[in-house]
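Colleague: This is the structure I have questions about; it appears just below.
The values are calculated or read from the model by the stated rules, or taken from the named source; none is laboratory data. On a predicted model such as this, the values are computed, not experimentally measured, just so you know. Neighbour counts are summed over all protein chains in view; Cβ atoms, including those assigned to glycine, are modelled from backbone coordinates with ideal geometry. In case anyone asks, the SASA skips ligands and DNA or RNA and just uses the protein heavy atoms, side chains included. Shrake-Rupley method; radii C 1.70, N 1.55, O 1.52, S 1.80 Å.
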Amino acid sequence: MPHTLPPLPYPTNALEPHIDAKTMEIHHGKHHKAYVDNLNKALESAPDLANLSIEELLRQVKAKAPDAVKQAIINNGGGHHNHALFWEVMGPGGGGEPTGAVADAVKAAFGDFAAMKAKVKENGTGQFGSGWTWIVWNPTAGKLEAVKRPNQDSPLMDGLVPVLGIDVWEHAYYLNYQNRRPDYLDAWWNTVNWKAVEQKLAAARAGK
Ligand code: MN
């Protein structure tokens, strides 16, 4: 099997009280696992794509995947990559303001961190139904941008490189927050792992 479920890099209760252990357990162990399993199943019908990295697969899926499994790869490949990133950009002892290269990039793109957070929240609450609110590196523009995407559509499919994302599917927050998606989006920033975001930004700038 080409793709595997990465282990959660911290215990399921590490993000409490902002994200509860039960949500993390189901989200990683059931939802993310299902995306990986269904991606591998879809790739059985697309052997030419089976050895690509998940990033390359998502960059190429629209142009190269057979029609019969294209949507399955978009959904489940996106689901796999989005969630792998999501676990990484959160962590225990997170939060605070960005520093260094991330702070500079945020300032250049949004003016300040508060303005970026407002845009992420606007996109997250404005995404009707399931989806994600993202901060991406736009290689063409050479700057960060805030975008939203429905379902598990990866920004990689549009030539953008995600460096931070918040899952706004109900499975990400419903046990704790029920219908209060805006409250979840506010609380999420207490979990952000800026070191991981900085590494993703550096890799995106280097074209990796
Ligand atoms: Mn999810």
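Colleague: Out of all the residues in the range 103-124, is one or more at pLDDT 95 or above, within 20 Å of I54 (Cβ to Cβ) and surrounded by fewer than 21 Cβ atoms within 10 Å (Cβ to Cβ)?
Modeller: The first filter runs over the range 103-124 and keeps only residues at pLDDT 95 or above, leaving 103-124.
Keeping just the survivors that are within 20 Å of I54 (Cβ to Cβ) gives none.
The answer is no, given that none of the residues of the range 103-124 is at pLDDT 95 or above, within 20 Å of I54 (Cβ to Cβ) and surrounded by fewer than 21 Cβ atoms within 10 Å (Cβ to Cβ).
Colleague: Given the residues K22, K30, which is the only one that is more than 24 Å from K208 (Cβ to Cβ), without any contact (Cβ under 8 Å) to a residue 12 or more places away in the chain and charged (D, E, K, R)? Please lay out each step first, then the result.
Modeller: Values: K22 fails: without any contact (Cβ under 8 Å) to a residue 12 or more places away in the chain.
Exactly one residue qualifies, and that residue is K30.
Colleague: Does the range 201-208 include one or more residues that are part of a strand (DSSP E or B), among the aliphatic types (A, V, I, L, M) and either open to solvent by 10 Å² or more (accessible area, probe 1.4 Å) or more than 16 Å from the ligand (Cβ to nearest atom) (or both)? Can you show your working first?
Modeller: From the range 201-208, those part of a strand (DSSP E or B) are none; that's our starting set.
No, the range 201-208 contains no residue that is part of a strand (DSSP E or B), among the aliphatic types (A, V, I, L, M) and either open to solvent by 10 Å² or more (accessible area, probe 1.4 Å) or more than 16 Å from the ligand (Cβ to nearest atom) (or both).
Colleague: Quick check on the range 1-60: of everything there that is within 16 Å of the ligand (Cβ to nearest atom), among the hydrophobic types (A, V, I, L, M, F, W, C) and not in a helix (DSSP H, G or I), which residue is surrounded by the most Cβ atoms within 10 Å (Cβ to Cβ)?
Modeller: Residue satisfying both the conditions and the ranking: I19.
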